[in-house]
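Written below as structure tokens is the structure these notes are about.
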Amino acid sequence: MGLIETAMGLVFGSGRNVVAETAEVFRVNAEAEAQRGHGARGEALEQFAAEFARAQGSGFDRMMDGVNRLPRPAMALGTLGLFGAAMVDPVWFAERMAGIALVPEPLWWLLAAIVSFYFGARHQAKGQDFQREMAVVLSRLPQIRALLDGSEETPAPDAVDTGDNTALAEWRATQG
């Protein structure tokens, strides 16, 4: 019994698990990896919650957001409706299209300008919002890396490489 007890003491003794410690050299500790993954998922959920909280505004803001979302679906559904009308009653459809053919060219140019400006402005606003959100995410990158690496400490702002940003270097010098 003493030999088996000594052998087991070598492998599992003194509060250590030599087999588990050796296996962790070749394979990631599943429990630690799950804890890191849980933290990363929690951070992602917090980010999503912040995005949806930002979307909540006054009743007028929500109404205007709804109105701003109408033109694209209305144009898509209207186009599909035109195809349906052409198939159901071709004579009725031809009469309506003959009326559209009588619209003067300057009015078509005005319509094109309005639609272009609407979608162009919306595209620009969405692009700027996306760039702003990416800047926020990139500013959190050191904390996210630290979280994924499993270390509890977050790097200091000085640890982030800023390249040759002289304004930032001067600001850091004034901060001590």
> From 31, 5, 43, which residue is modelled with pLDDT of 85 or more, of a type in the set (Asp, Glu), more than 30 Å from residue 115 (Cα to Cα) and part of a helix (DSSP H, G or I)?
Replying inline: 43
>> Which of the helices (runs of 4 or more DSSP H) found entirely inside the range 57-107 contain at least 3 residues meeting this: loosely packed, with under 11 Cβ neighbours inside 10 Å and touching a strand residue (DSSP E or B) at 6+ places or on another chain (Cβ under 9 Å)?
In response: none
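The values are calculated or read from the model by the stated rules, or taken from the named source; none is laboratory data. This structure is a prediction, so every number in the text was calculated from the model and none was measured. Heads up, the Cβs are rebuilt from the backbone with ideal geometry, glycines too, and the neighbour counts pull from every protein chain shown.
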